[in-house]
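Here is the structure we will look at, set down as structure tokens.
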């Protein structure tokens, strides 16, 4: 019995200490590519050598170089010039006398001139949870391409996507940064602020080159209507709404102290006090008997005669306007002064059945603007459901 145990121990010792471990076999051939420079400005000349490559038995009989598909060479050493910026992979393949092969690769960065990081966000403010679609594809390198996108969202989260979507779940102001790296290794960084509020309301913020689209839902000529909105104009203000046949547009300009109505090629101006940076109720009332009346708050500030029916169709909201717009309503009737006072206070008074459209514009996110009118069509941020540069930003600033 003792002899059997001793033999077993000796055998175990041999297994533990005397046999080679799996995965430690020396390869038959080992390719080693050496490059004179792995980074530099274009045009970049590199010298390569496979002299440090080894073969376990015999010798290496073939060295083949591939320069990122732009050229090739045979031999232990070679030279190549990368003319354009970018990241390129040099590949060395070696072969020994027995036909065994191995590959080694080295990346080379050829630097261009400049890179520019550009952040596009479909909104920069709104209530939590705030969903923001970011886009870095407008970033560019003059003579190269952008290879890497490094986002930090200011709340501890990050992304490597070129077009990430991020959800802000808590209130605060967050600094978003995008660092881009070109193929040649040139970097640039951009940042924007995202403000997340705990307010349930929201409005659209226009910068003068953005718009929203609202559909009246009818192509029938109307002998009466009332269009209402809440506005907070910057100094310049601009066109609040444009629509219809004949062509109709309403503009406000705090800096000029002017309200302007354009109807069928005619322009009607009225000088009046308009406070920039303050929420104001505006209403455009029409009937075919007395024409147009414009209200700011409870004041009649402009009247214009026009004696024909009007077809509204789609309403272009805020094209050329600077400031915030929200709480838009369209009625198929003339609202009297007492009804307008209730509408200005945010209450839909009697006659809700005559609402063609009621867009609170308080969604705070997304491309569509809900319509609370029965059977009413939702509006659009911009001109379509796609993200576009003319989409106004969501803002937590609300009346």
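The values are calculated or read from the model by the stated rules, or taken from the named source; none is laboratory data. Note that the structure is a prediction, hence the values are computed from the model and not measured. Reconstructed Cβ throughout: ideal geometry from the backbone, glycine too, with neighbour counts over all protein chains shown.
Do we have residue 376 as surrounded by 18 or more Cβ atoms within 10 Å (Cβ to Cβ) and either outside the structural domain of residue 133 (by TED's automatic domain parsing) or outside any loop (DSSP other than H, G, I, E, B) (or both) here?
When the stated conditions are applied, residue 376 passes them.
Regarding residue 294, is this residue under 27 Å from residue 376 (Cβ atoms), in the same structural domain as residue 344 (by TED's automatic domain parsing) and buried (at least 16 other Cβ atoms within 10 Å of the Cβ)?
Yes.
Of the residues 194, 167, only one is buried (at least 21 other Cβ atoms within 10 Å of the Cβ) and in a strand (DSSP E or B); which?
194
If a residue has to be at positive phi, surrounded by fewer than 20 Cβ atoms within 10 Å (Cβ to Cβ) and in contact (Cβ under 8 Å) with a residue 60 or more places away in the chain to count, how many in segment 236-286 make the cut?
So the answer is 1.
In this structure, is residue 76 over 35 Å from the mean Cα position of the chain (by Cα), farther than 30 Å from residue 141 by Cα, modelled with pLDDT of 95 or more and buried (at least 20 other Cβ atoms within 10 Å of the Cβ)?
So residue 76 does not fit the description; no.
Checking the conditions here, which among 136, 99 is assigned by TED's automatic domain parsing to the domain that holds residue 62 and at pLDDT 90 or above?
99
Kindly establish whether residue 218 is over 14 Å from the mean Cα position of the chain (by Cα), surrounded by fewer than 17 Cβ atoms within 10 Å (Cβ to Cβ) and within 28 Å of residue 380 (Cβ to Cβ).
So residue 218 passes the test.
Output yes when any residue across segment 95-111 is in contact with a strand residue (DSSP E or B) (Cβ under 9 Å, 6 or more places away or on another chain), touching a residue at least 12 places away in the same chain (Cβ under 8 Å) and closer than 29 Å to residue 397 by Cβ, and no when none is.
For segment 95-111, residues in contact with a strand residue (DSSP E or B) (Cβ under 9 Å, 6 or more places away or on another chain), touching a residue at least 12 places away in the same chain (Cβ under 8 Å) and closer than 29 Å to residue 397 by Cβ: absent.
What is the one condition in (1) out of contact with any strand residue (DSSP E or B) (no Cβ under 9 Å at 6 or more places or on another chain); (2) more than 24 Å from residue 378 (Cβ to Cβ); (3) in contact (Cβ under 8 Å) with a residue 40 or more places away in the chain that residue 156 does not satisfy?
(3)
Considering every residue within segment 315-327, establish whether at least one is over 34 Å from the mean Cα position of the chain (by Cα) and outside any loop (DSSP other than H, G, I, E, B).
Within segment 315-327, not a single residue is over 34 Å from the mean Cα position of the chain (by Cα) and outside any loop (DSSP other than H, G, I, E, B).
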